[in-house]
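The values are calculated or read from the model by the stated rules, or taken from the named source; none is laboratory data. As the structure is a prediction and not an experimental result, all values here were calculated from the model. Cβ placement follows ideal geometry from the backbone for every residue including glycine, while neighbour counts extend to all protein chains displayed.
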Amino acid sequence: MSRIPLLPPDRLTPEQKQLYDNITGDKRRQAARRIKAPEGGPLTGPFNALLYSPKLGDAVQKLGASLRFESSLPGHLRELAILIAGQHWRANYEWFAHAPIAAREGLDETVIAAVKKGEAPGDAPDDVMAVHRFVSELIHTRRVSDETFESVRALVGEPGLVELIALIGHYTLIAGLLNVFEVGLPEGETPPWPE
């Protein structure tokens, strides 16, 4: 059970209602259906927490929408980075929401399974290995080696590097919201990392 109550849409302040509407816009509505978010009901996942601070919440959701829906990064590499961040923080909801998206974006199930265990994917394509190395180095050492930097720059260019670093930071923020507020999974779902 979450440490903060779900905010029902009919009890939101005008600022919260505007944020609610921004979050449930077309692109997010499609994504929410995939993770069984109730139509017209309280927001789930990290979004309920964002409603408690609507100005900050709107900035966070706009960054998230830009990174998810307007990024130059290929979908499978974007989702790989999100999964690595989610695994590092053991953010059950983040994994629950993004593992299926990663599979739909073409990330191989063996790669997803390796990341879930905190392992490097063994026999993955070069682009997957390069991004995995980059994200893992940044998360675990707070830096990336010259070799790792150059391999990802050759793959996605400087704009892609900026987006990848922002993506890692954003989903670390989301993992923090999920973990601190103990956001649970929908009923009947099994957490990837049970406590």
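For the residues Glu105, Glu94, Glu109, Glu79, the requirement of being charged (D, E, K, R), more than 15 Å from the chain's Cα centre (by Cα) and at pLDDT 95 or above singles out Glu109. Listed by position, the helices (runs of 4 or more DSSP H) contained in the stretch 105-195 that have at least 3 residues being in contact (Cβ under 8 Å) with a residue 60 or more places away in the chain, out of contact with any Lys or Arg (no Cβ under 8 Å at 6 or more places or on another chain) and buried (at least 18 other Cβ atoms within 10 Å of the Cβ) are 146-180.
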